[in-house]
Amino acid sequence: MIKDLLVTLSFISRIPITYRYSKDFDLRVKRISCYFTLVGYFPGLIYFFTTVLSKNMALRTLGIAVGFYLFDLFHFDGLLDMLDGFLNQSDKDRRLEIMAKGNVGPFAVFYGTLYVIAFYNTFSILDPIDFVYASVFARYSMTILLKISKPAKSTGLGAILFPPCKLCPLIGILFSTPFLFFSWLKYLISLFICLLTAFLVKLVSERKIDGVTGDVMGAAAMLTQLFILLFMVGMRL
């Protein structure tokens, strides 16, 4: 389990982890989506303590910067690439080309900026634990997306992770059960938003590029995170 978690961190974070290649590496890669949920606790706790100190703008900005640099920026880049690719009026191959290049276009700039503004402002409204819910279930949405979709191309991160371990969705949800001790209502809401977002991203992505890529998986995580936070903001109004 520890080795699998380390491989997972090396794939979906910027934490400098050196993993020596072994004969079972390919098998471990197929299992890493089991631990996406567990990885979500790391940025969640960063944002938790950032919220505690949110009255200080400098510390709030620093906390968000650290959380994004180590964890969310990897997925945020996928969101920006997906926006530029999917909102381009062209065919599948052209959309994949745009996403692969990673150049920031107008769609990415505009909607990415809106995302950061909305995310930043939630820190002055929500409870600290809400950010842990959002971060954990954001990663679980990638596990679900891998399970219900297919790779859009034969290369890249998305293709490497297919097919995922059959038990990954079950193992992933087990890592989220500690939330039931805080609020079962927030737990069910977060899970519902996670599943709904993964399903909608699957439908759109298969229509646009006939499957999912690593960028799409990252986008699903970031969208799930923001949707959960915004819904919880609405609950408090």
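The values are calculated or read from the model by the stated rules, or taken from the named source; none is laboratory data. Note that the structure is predicted; figures quoted are calculated from it, not measured. Neighbour counts run over all protein chains shown; Cβ positions are idealised from the backbone, glycine included.
Computed quantities for the displayed model
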read-out	value
Residue that is surrounded by the most Cβ atoms within 10 Å (Cβ to Cβ) [pool: residues in region 164-182 that are over 17 Å from Thr8 (Cβ atoms) and in contact (Cβ under 8 Å) with a residue 40 or more places away in the chain]	Phe179
Considering residues of region 135-163 that are modelled with pLDDT of 95 or more and touching an Asp or Glu at 6+ places or on another chain (Cβ under 9 Å) only, the residue surrounded by the fewest Cβ atoms within 10 Å (Cβ to Cβ)	Ser135
Selected residue (only one of Ala65, Ala58 is at pLDDT 95 or above, surrounded by fewer than 15 Cβ atoms within 10 Å (Cβ to Cβ) and not polar (S, T, N, Q))	Ala65
Conditions (1) surrounded by fewer than 21 Cβ atoms within 10 Å (Cβ to Cβ); (2) in contact (Cβ under 8 Å) with a residue 60 or more places away in the chain; (3) under 30 Å from Leu174 (Cβ atoms): number failed by Phe86	(3)
From the options Val204, Val212, Val132, residue that is β-branched (Val, Ile, Thr), under 20 Å from Phe74 (Cα atoms) and either more than 13 Å from the chain's Cα centre (by Cα) or surrounded by fewer than 19 Cβ atoms within 10 Å (Cβ to Cβ) (or both)	Val212
Residue among Phe137, Phe123, Phe119 that is in contact (Cβ under 8 Å) with a residue 40 or more places away in the chain and out of contact with any Leu (no Cβ under 7 Å at 6 or more places or on another chain)	Phe123
Residue in region 11-25 that is under 26 Å from Asp130 (Cα atoms) and either among the polar types (S, T, N, Q) or loosely packed, with under 13 Cβ neighbours inside 10 Å (or both) present	yes
Number of positions in region 183-198 that are of a type in the set (Phe, Trp, Tyr), buried (at least 16 other Cβ atoms within 10 Å of the Cβ) and closer than 16 Å to Thr143 by Cα	0
